[in-house]
Each structure stands twice: as C-alpha cells, then as structure tokens.
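Engineer: Can you keep this structure in mind? I'll have questions shortly.
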Amino acid sequence: MSPEEIKDLQLVGKYIQPETREVDGVLLTKIICDNWDNIWNFQAKPDDLLIASYAKAGTTWTQEIVDMIQNDGDVQKCQRASTFDRHPFIEWALPPPLNSGLDLANKMPSPRTMKTHLPVQLLPPSFWKENSKIIYVARNPKDLLVSYYHFSRMTKMMPDPGTWEEYIEAFKAGKVLWGSWYDHVKGWWDVKDQHRILYLFYEDMKEDPKREIQKILKFLEKEMPEEVLNKIIYHTSFDVMKQNPMANYSTWPTVLMDQSISPFMRKGMPGDWKNYFTVAQNEEFDKDYQKKMAGSTLTFRTEI
Ligand SMILES: Nc1ncnc2c1ncn2[C@@H]1O[C@H](COP(=O)(O)OS(=O)(=O)O)[C@@H](OP(=O)(O)O)[C@H]1O
C-alpha cells in the first residue's frame with residue numbers, strides 16, 4: 001500500500017461506521033449487507049482455492065503457509081503485498097478508494113487464492129457448483145473469543161465489543177460479526193466430506209506444523225524437498241510472522257487498526273484463555289458449549 005493510498009485511507013476512515021445488519025440471521029457489517037447481491041453472485045472457478053474460517057481462527061497463518069507453498073518457499077515473492085491484497089477477502093467491502101475483496105478477486109488472474117469468514121450457508125453457491133478447493137481452519141472457542149475481543153477493541157471496522165463480560169455473552173448468543181461460532185464450525189464440518197474441503201485445527205498446526213503443512217501439500221497435490229518445507233515452517237512461525245509487515249497488518253493505518261491497543265499478531269498461544277476467563281465464566285461457558293455442540297462429532301482442544 002503506497003503512502004498516498006494510506007493518506008486516502010485516513011480520509012476514508014472517518015466514514016467507516018461499525019454499523020451492522022443481518023443476512024439470514026447472521027450479523028455482518030452494513031457495508032457487506034449493502035453489497036450482498038454482488039457477494040452472493042460472485043463467480044468462483046474450478047481452480048480457485050478458498051481459505052475459509054470463523055474470524056480469529058488462524059486464517060492469516062494459513063494464508064501465509066499456502067502462499068509459501070504456492071511460491072515454493074520463495075520468501076521474497078510472498079512479500080509482494082500485504083495478506084489482504086495477496087488473497088482477496090471476498091465479502092469484505094470497503095468504501096472507495098479502498099479495494100473491496102470482490103474487486104480484487106475479479107481482477108486477479110487464475111489460479112486465485114481467496115479468503116472468507118462466511119458461514120457455510122452464506123457461501124456464494126458458485127463455489128459448490130465449480131467444486132473449488134476449500135481449506136477450512138477452526139480454533140477452540142475460548143482462545144478465539146479472547147483473540148476476537150482484543151481485535152474488536154483495536155479495529156475501527158467492527159462494533160465496539162463492550163466489556164469482557166458483555167462480549168462473552170454476545171459471543172455465546174452469536175451476536176458478533178459472522179454470527180454464531182458454534183453454527184459456523186459445525187456447518188463447515190458437516191459438509192466437509194461432500195466437497196473438496198480440508199478441515200484443519202489451529203491447535204494441531206501449533207502442535208505439529210510440519211504434519212499440518214504436509215496435509216495442505218497433499219490437498220494441493222504438491223511435493224517439496226525437506227529443506228523447503230523447513231523454510232516454510234520457519235517463515236510461518238508466530239515470531240517470524242509477527243515481524244513480517246506483509247503479514248502483521250502494520251501497513252494498515254491506525255484509523256483502521258490501532259495496534260497500540262492490541263497487536264494483530266497478539267500471542268498466538270493455545271490456552272491463553274485461562275488468563276481471561278474467571279472460574280465461573282469458564283463453567284458457564286462449558287455448560288452452554290455442551291448444549292450448543294450436543295450431537296456433533298466435532299471436538300476441540302482448549303490447550304495443547
Ligand atoms: N504463525 C502463527 N502462529 C500462531 N498464531 C498465529 C500465527 N499467525 C497469526 N496467529 C494468530 O491468529 C489470530 C488471528 O487470527 P486470523 O488470522 O484468523 O484473524 S482474522 O480473522 O483473519 O483477522 C491471532 O491470535 P491471538 O494471538 O490469540 O490473538 C494471531 O496472533
């Protein structure tokens with residue numbers, strides 16, 4: 001992003017309202033809802049790759065891994081642009097002169113790699129029709145909630161999260177952007193075997209990045225020498241990505257993300273939720289979780 005564009009962004013920033021609306025009961029920003037027809041009618045292609053997730057599940061990490069794989073471990077090539085511009089975020093509509101995800105996607109030559117946080121029922125149907133490959137990444141709800149709370153405090157593009165106590169309740173009720181986490185992870189889980197979907201877990205990636213990167217390689221039908229694989233593991237580690245301006249959103253102006261409040265690459269640590277949930281909040285959360293996830297074969301690890 002050039003300094004000129006950043007200046008424009010700062011002018012535009014004051015027009016960014018964290019207003020929300022719903023599409024089929026799913027809370028989204030007003031700008032996304034106003035643009036919904038275009039998003040729904042987005043034309044996917046058979047050689048598209050979509051990285052899908054609920055917000056704060058490890059999307060950027062997965063994007064960096066995929067980009068490194070696609071570029072055979074060439075770090076310089078992966079520094080060609082920020083994550084947002086390398087992989088269009090299909091539903092993320094911003095006012096001009098900012099690029100909307102759809103504009104970027106439509107301009108991008110094939111094969112395209114894109115990102116979405118949409119729940120499965122709101123995915124543009126052309127992705128199913130074209131049988132595009134999808135990598136879904138899921139993260140345990142407690143760490144995700146903590147991450148989402150901090151992100152919502154530092155970004156001006158989302159509604160104010162309120163107090164920690166209020167935010168836990170909003171999250172449990174699904175009254176946060178992109179709707180219910182519970183429905184999101186279950187919805188994608190339930191269709192994973194009917195389409196070309198690789199379902200990954202943040203905690204598994206943290207536990208054994210090599211094993212999980214190998215799953216992605218297989219899914220993308222790629223092979224690579226051990227030394228390139230090791231380079232990818234290193235380049236996509238939390239500490240290295242935290243210092244990478246093309247992955248840590250530091251090129252974005254503070255009017256959109258004020259990283260002095262909380263950095264985008266915050267902790268990257270499974271189990272951090274224990275520093276935030278009280279014993280009572282944790283018990284309440286678990287009780288509610290059991291109800292909402294009852295009957296599903298999907299399970300999460302809240303620490304590794
Ligand atoms: N390489 C690596 N290793 C471990 N963890 C990582 C990595 N990269 C990003 N992160 C952490 O992922 C969280 C951000 O999630 P997303 O990228 O999905 O956010 S977004 O919804 O796309 O804005 C956010 O989690 P928290 O640190 O818990 O807030 C990031 O720090």
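Engineer: Using packing as a proxy for protection, rank 257-265, 245-253 so that the peptide with the highest average count of other Cβ atoms within 10 Å comes first.
Structural biologist: Working: 257-265: 15.7, 245-253: 17.6.
Averaged packing, sorted descending, gives the order 245-253, 257-265.
Engineer: Volume per residue, Å³, of the convex hull around the alpha-carbon atoms of the chain?
Structural biologist: Values: hull volume 39.1 nm³, N = 304.
Roughly 129 Å³ of hull volume per residue.
Engineer: Mind giving me the nanometre distance, one decimal, between the label points for Tyr276 and Asp24, set 7 Å out from Cα along Cα→Cβ?
Structural biologist: With each label point 7 Å from Cα toward Cβ, the separation is 2.9 nm.
Engineer: Taking each full run of DSSP H in the chain as one helix, which ones are at least 18 Å long along their axis (Cα atoms) and have mean Kyte-Doolittle hydropathy of at least -0.5? Could you put the intermediate results ahead of the total?
Structural biologist: On the way: long enough: 141-154 (19 Å, -0.31); 279-293 (21 Å, -1.79).
Sorted by number, the helices that extend far enough and score high enough are 141-154.
Engineer: Suppose only helical runs count, i.e. DSSP H with n ≥ 4. What mean residue ellipticity at 222 nm does that imply for the chain under -39500 (n - 2.57) per run, divided by all residues and rounded to the nearest 500 deg cm²/dmol? Display every interim value, and only then the final one.
Structural biologist: Details: 16 runs with 133 residues, N = 304.
Taking each H run of at least 4 residues, the total per residue is -12000 deg cm²/dmol.
Engineer: Using alpha-carbon pairs under 8 Å, 6+ residues apart, how would you state the relative contact order of the chain in percent? Write out the running numbers ahead of the final one.
Structural biologist: Numbers: 420 pairs, mean separation 76.1, N = 304.
After rounding, I find 25 percent.
Engineer: Where both partners of a DSSP beta bridge lie in the chain, what percent of those bridges are antiparallel, to the nearest 5? Present the calculation step by step, with values, prior to reporting the outcome.
Structural biologist: On the way: 5 of 20 bridges.
Antiparallel bridges: around 25 percent, rounded to the nearest 5.
Engineer: Compute the distance in nm between two label points, each set 7 Å from the Cα along the Cα-to-Cβ direction, one at Ala173 and one at Val255.
Structural biologist: Output for this residue pair reads 3.3 nm.
Engineer: Hey, another quick one. Can you tell me the order of 185-193, 83-91 when each peptide is scored by its average per-residue count of other Cβ atoms within 10 angstrom, highest first?
Structural biologist: 83-91, 185-193
Engineer: Here's a follow-up. On average, how much accessible surface per residue is there in the chain, in Å², for a 1.4 Å probe, leaving out ligands, DNA and RNA? Please list the in-between numbers first.
Structural biologist: Values: 13570 Å² over 304 residues.
Per residue, the chain has 45 Å² of solvent-accessible surface.
Engineer: What's the FRET efficiency of Asn41 with Asp72 using the Cβ-Cβ distance as r and R₀ = 45 Å, to the nearest 0.05? It would help to have the intermediate numbers written out before the result.
Structural biologist: Values: r = 35 Å, r/R0 = 0.77.
Calculated value: 0.85.
Engineer: What whole-number distance in Å separates the alpha-carbon centres of the range 192-239 and the range 148-182?
Structural biologist: When both Cα centres are located, 29 Å separates them.
Engineer: Where the only charges are on Cβ atoms (+1 Lys, Arg; -1 Asp, Glu), what is the dipole of the range 45-125 about its Cα centre, to the nearest 20 debye?
Structural biologist: Details: 8 positive and 9 negative charges, 23 e Å.
The calculation lands at about 100 debye.
Engineer: Sticking with this structure for a sec: Amide H to amide H under 5 Å from Met114: which residues, 5+ apart in sequence or cross-chain, H placed 1.01 Å off N in plane?
Structural biologist: Amide H neighbours of Met114: Leu49, Leu50, Ile51.
Engineer: Here are some pairs, Lys172/Lys291; Lys133/Lys218; Lys56/Lys172; Lys56/Lys129; Lys129/Lys218; Lys222/Lys267; which of them have Cα atoms lying more than 21 Å apart in this structure? Don't jump to the answer; show the numbers that get you there.
Structural biologist: Details: Lys172/Lys291 11 Å; Lys133/Lys218 12 Å; Lys56/Lys172 16 Å; Lys56/Lys129 28 Å; Lys129/Lys218 23 Å; Lys222/Lys267 31 Å.
Correct reply: Lys56/Lys129; Lys129/Lys218; Lys222/Lys267.
Engineer: Place a +1 charge on the Cβ of each Lys and Arg in the range 17-293 and a -1 charge on the Cβ of each Asp and Glu, then give the dipole magnitude about the Cα centre in debye, rounded to the nearest 20. Kindly include the intermediate steps, with their values, before the conclusion.
Structural biologist: Working: 35 positive and 39 negative charges, 43 e Å.
With Lys and Arg at +1 and Asp and Glu at -1, about 200 debye.
The values are calculated or read from the model by the stated rules, or taken from the named source; none is laboratory data. Predicted model only: the values in this text are computed from it and were never measured. Glycine also receives a Cβ, built like all others from the backbone with ideal geometry; neighbour counts cover every protein chain displayed. Accessible surface is based on the protein model in full, side chains and every heavy atom, while ligands, DNA and RNA are left aside. Shrake-Rupley method; radii C 1.70, N 1.55, O 1.52, S 1.80 Å.
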